[in-house]
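Asks: This is the structure I have questions about; it appears just below.
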Amino acid sequence: MQEVSWGSITLVDAEKRLLANALLDFSNERFVLLSESCIPVFNFPTVYEYLINSEHSFVESYNIDTPQSAGRYNRRMAPHILPEQWRKGSEWFELNRELAVRVVADYKYYSIFRKHCRPSCYPDEHYIPTYLHLFHGSLNANRTITWVDWSRGGPHPARYGAGNINVDFIKAIRNNGTQCLYNSKHTSVCYLFARKFAPSALGPLMNLTSTVLDF
């Protein structure tokens, strides 16, 4: 059993181990990292078709001039990672097989993060977005497929429980007004999963599986 600590490089270690084990099954072509507080907002056939037919992987990757983004860059990462190459993104990612192999195989840039990305730099929010931006940007959609509600402010997203779950809520996540690109074409289907849901939401969600979720 490997110890994993929030905000440390051990989260990246865990991600690499998960990917490495999933890669052992040669039939696996797409790899999605979710948490226990995530739910699907479409049924499996829809999710499968969306991912398997995508020309890109889905890793959020951006750099803005804030303490939580550009402010976490450590100048000791130069010359291998320059300030303009630094990226941040959601830790909940989706990778195709080619990129999963490359992330698992990388040691050089992982070592830089292990040495120089320490609190308040969080490796799981920066390592994969930065690595993909450096070498495989054309293969990445630069967006996440996991919806989350930051509208309430603060360091953590909104958390939804049993009282929030109904048909209209799920439909609102699916059709939230967002537009994005999928295989270079505009679409309103941008999120396949959503978070953050409390354990109390499980019962009401199960009641929707044969209707709006169509499981």
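Just so it is clear, none of the values below were taken in a lab; they were calculated from the coordinates. Quick caveat, the model's predicted, so the values are computed rather than measured. Glycine also receives a Cβ, built like all others from the backbone with ideal geometry; neighbour counts cover every protein chain displayed.
Asks: Students often forget the sequence filter, so: which lysines lie under 20 Å Cα-Cα from residue 171 once same-chain residues fewer than 8 apart are removed?
Replies: Excluding near neighbours in sequence, the set is 196.
Asks: Follow-up. At a Förster radius of 30 Å, what calculated FRET efficiency corresponds to the Cβ-Cβ distance of residue 21 and residue 78, to the nearest 0.05?
Replies: Computed FRET efficiency for residue 21 and residue 78 comes out at 0.35.
Asks: Quote the Stokes-Einstein diffusion coefficient, in whole µm² s⁻¹, for the stretch 66-145, based on the Kirkwood radius over alpha carbon pairs, a temperature of 20 °C and a viscosity of 1.002 mPa s.
Replies: Once the numbers are plugged in, D ends up at 167 µm²/s.
Asks: Additional query: Residue separation times 0.36 nm, minus the C-alpha to C-alpha distance between residue 68 and residue 151: what's the value?
Replies: 28.2 nm
Asks: Which order, highest average first, do 136-144, 196-204, 124-132 follow once you tally other Cβ atoms within 10 Å for each residue and take the mean per peptide?
Replies: So the order, starting with the most tightly packed, is 124-132, 136-144, 196-204.
Asks: OK, next. Share of Cα-Cα pairs in the stretch 25-81 beyond 15 Å, in percent?
Replies: 70
Asks: Which helices, counted as full DSSP H runs in the chain, have an axial Cα extent of no less than 15 Å and a Kyte-Doolittle average of 0.0 or above?
Replies: 10-23
Asks: Can I ask one more? What per residue convex hull volume, in Å³, do the alpha-carbon atoms of the stretch 120-212 yield?
Replies: Output value, Cα hull per residue: 136 Å³.
Asks: Nearest-5 percent of antiparallel DSSP beta bridges in the chain?
Replies: 75
Asks: Given 4 °C and 1.567 mPa s, how large is the Stokes-Einstein diffusion coefficient of the chain in µm²/s, with Rh as the Kirkwood radius over Cα pairs?
Replies: Diffusion coefficient, whole number: 71 µm²/s.
Asks: May I pose another question? Kindly provide the helix-only [θ] at 222 nm of the chain, computed as the sum of -39,500 (n - 2.57) over DSSP H runs of four or more divided by all residues, to the nearest 500 deg cm²/dmol?
Replies: For the chain, the value works out to -9000 deg cm²/dmol.
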